[in-house]
Amino acid sequence: MKHCTLILKVIFILWCMSVSCNTFAQSTMQISDDEKRIITLAPHLTELVFLLNEDSHLVAVSDYSDYPVAASQLPSVASYTGLDFSAIIKARPTHILAWEGGNKPQDIAKLLSLGFNVLSQRTTTLNDISRNITELGNFLDASIASVVSRQFDRHLKQLKSTYHSRKPQSVFYYSWAMPLMSIGSGAWGNEVLKICQLTHIFADVPIEYPQVALARVLRAQPDYIINVSKEPIDTVQAFWTPHQSVLNAPLIQLNPDLIHRYTPRILPEIARLCAATVP
């Protein structure tokens, strides 16, 4: 019995050493600025690399990396279906930025198993944005990150202070028409709405992005309809106009890229939403 216990302890120690060595090797790589080669696997990560003045080191990005415009000129190695591992290997990246929640866990795990230097981040709250910027700055050795992070925190605090005592109002968060899609309790959109003291009519639905019945929306009588779809505005208006006799809620158009990408550009769009929903 003691012999078996000893063997298990040795195996555990060797496993811990293996994990620690891999983590240490990846997190302490000494790479000169000239050698740096960055790949981003989500549009908001691409945008943050530009924001931190590290864009000269970008060698590949993900689909829909379209801001700033220069990002759209870079080759894509990631899409909603997964990663192009062959292209990633050929690009010889020194730093890869991944998005937990957008990139498949098995794809991130494979990058790590291949020995790549990977920073994987998750964003669930607005406060996470500044934390992720700081972490990204440390990973890329971008000193400006601390300034960007503090500015974001300051502007977010100002927004919260401005609208924290406002009278709550209800909204319908419109994502798509056919089928009619919205957000539930765990979705990112709720982070945006609560700054403006807006409550979503499907906030208690346990599914993040549920399909909903139009009849339920009409019965709920929300104060506003918040449009975050990428459908043409004419299409959106054509969908809601026939129901105005039952629901006469103002339609507010938001930029879905600004709202759904985790960068400082989200704050002016939230401020615009708050201003448009004054009781």
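Here are a few things to note about the model shown:
- Output for region 227-279, where each listed residue is surrounded by 16 or more Cβ atoms within 10 Å (Cβ to Cβ) and of a type in the set (Val, Ile, Thr): Val228, Val236, Ile252, Ile259, Thr263, Ile266, Ile270, Thr277
- Hey, Asn103 more than 13 Å from the chain's Cα centre (by Cα), surrounded by 13 or more Cβ atoms within 10 Å (Cβ to Cβ) and of a type in the set (S, T, N, Q) or not: no
- Meets criteria (surrounded by 14 or more Cβ atoms within 10 Å (Cβ to Cβ) and touching a Lys or Arg at 6+ places or on another chain (Cβ under 8 Å)) for Ser175: no
- Residue list for region 150-172, restricted to those being within 19 Å of the chain's Cα centre (by Cα) and buried (at least 21 other Cβ atoms within 10 Å of the Cβ): Phe152
- Of all residues making up region 155-176, the number that are touching a strand residue (DSSP E or B) at 6+ places or on another chain (Cβ under 8 Å) and not in a loop (DSSP other than H, G, I, E, B): 6
- On the stretch given as region 50-69, residues that are surrounded by 13 or more Cβ atoms within 10 Å (Cβ to Cβ) and closer than 19 Å to Lys36 by Cβ total 13.
- Residues satisfying the criterion are present in region 252-266 (criterion: hydrophobic (A, V, I, L, M, F, W, C) and touching a strand residue (DSSP E or B) at 6+ places or on another chain (Cβ under 7 Å)).
- Only one of the numbered conditions (1) over 17 Å from His44 (Cα atoms); (2) under 20 Å from the mean Cα position of the chain (by Cα) is violated by Leu114, and that is (2).
- Filtering Asp34, Asp63, Asp107 for residues that are in contact with a Ser or Thr (Cβ under 9 Å, 6 or more places away or on another chain) and farther than 24 Å from Ile270 by Cβ leaves a single hit, Asp63.
- Neighbours by Cβ (under 8 Å, 6+ apart or cross-chain): first from region 127-143, on the phi < 0 side of the Ramachandran plot; second polar (S, T, N, Q) and loosely packed, with under 15 Cβ neighbours inside 10 Å: Thr134/Ser146; Gly137/Ser143; Gly137/Ser146; Ala142/Asn53
- Residue selection: Leu198 satisfies the criterion of being buried (at least 16 other Cβ atoms within 10 Å of the Cβ) and either touching an Asp or Glu at 6+ places or on another chain (Cβ under 6 Å) or not aromatic (Phe, Trp, Tyr) (or both).
The numbers here are math on the coordinates, done by the rules we state, and not lab data. Note that this is a predicted model, so its numbers are computed, not measured. In this analysis, Cβ positions are derived from the backbone assuming ideal geometry, glycine residues included, and neighbour counts consider all displayed protein chains.
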